[in-house]
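Colleague: Dropping a structure here in structure tokens format, bear with me for questions.
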Amino acid sequence: MNVVINLTLSPFQARKLLEYISNGEVEFRDTIFSKPLPLEDEFSVRTSNVFKTIGIGTYYKLVRCTESELLMHKFFGRKSLLETAQHLHAKGLHLGMNDKDIEEYKKNECAGDTKEVA
């Protein structure tokens, strides 16, 4: 059985989870949502700086934002929004993803159905 879980754990919970993993009872699978954004490599300096300032460092935090939430921040305009939307689209993601969208993406990712768009 495969189960994908994204949690914030206490130190005690983390130790227990590591015990389960080391015993082979749980398999850790990294998803795109836990990966850091490639700020310097794939985003402009302006967009990268805004993400750093407002604390968006992972794909999960970024896809949970809506267009209007991002546009409220100083120095984040239409050009940065277009750049961000294109980057996410290339990975099969979009802004404003809810829990249902994320779970669907994860299911497809586990099945190998997600692909990057050129």
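Colleague: Every residue in the stretch 29-49 that is surrounded by 12 or more Cβ atoms within 10 Å (Cβ to Cβ), touching a Gly at 6+ places or on another chain (Cβ under 9 Å) and not in a helix (DSSP H, G or I), please.
Modeller: Selection gives 37 alone.
Colleague: Condition first: of a type outside the set (A, V, I, L, M, F, W, C) and at pLDDT 90 or above. Now tell me which residues in the stretch 37-57 satisfy that.
Modeller: Result: 38, 42, 44, 46, 47, 48, 49, 52, 53, 55, 57.
Colleague: Still on this structure: Can you pull out the residues in the stretch 40-87 that are aliphatic (A, V, I, L, M) and under 13 Å from the mean Cα position of the chain (by Cα)?
Modeller: If the condition is that a residue be aliphatic (A, V, I, L, M) and under 13 Å from the mean Cα position of the chain (by Cα), then 56, 62, 63 are the ones that fit.
Colleague: Moving on to the next point. Given (1) of a type outside the set (S, T, N, Q); (2) assigned to a loop (DSSP other than H, G, I, E, B); (3) without any contact (Cβ under 8 Å) to a residue 60 or more places away in the chain; (4) farther than 28 Å from residue 14 by Cα, where does residue 93 come up short, assuming only one miss?
Modeller: (3)
Colleague: For the stretch 68-82, name all the residues that are assigned to a loop (DSSP other than H, G, I, E, B) and closer than 13 Å to residue 46 by Cα.
Modeller: Passing the criteria: 73, 74, 75, 76, 77.
Colleague: A follow-up question, please. I want to confirm something. Restricting to the stretch 91-118 and keeping residues that are surrounded by 15 or more Cβ atoms within 10 Å (Cβ to Cβ) and among the hydrophobic types (A, V, I, L, M, F, W, C), which single residue is modelled with the lowest pLDDT?
Modeller: The extreme case among them is 102.
Colleague: If you take the residues of the stretch 50-67 that are outside any helix (DSSP H, G or I) and of a type outside the set (Gly, Ala, Ser), which of them is surrounded by the fewest Cβ atoms within 10 Å (Cβ to Cβ)?
Modeller: 66
The values are calculated or read from the model by the stated rules, or taken from the named source; none is laboratory data. The structure displayed is predicted, hence computed values, not measured ones. Every residue, glycine as well, gets a Cβ built from its backbone with ideal geometry; the counts of neighbours run over all protein chains shown.
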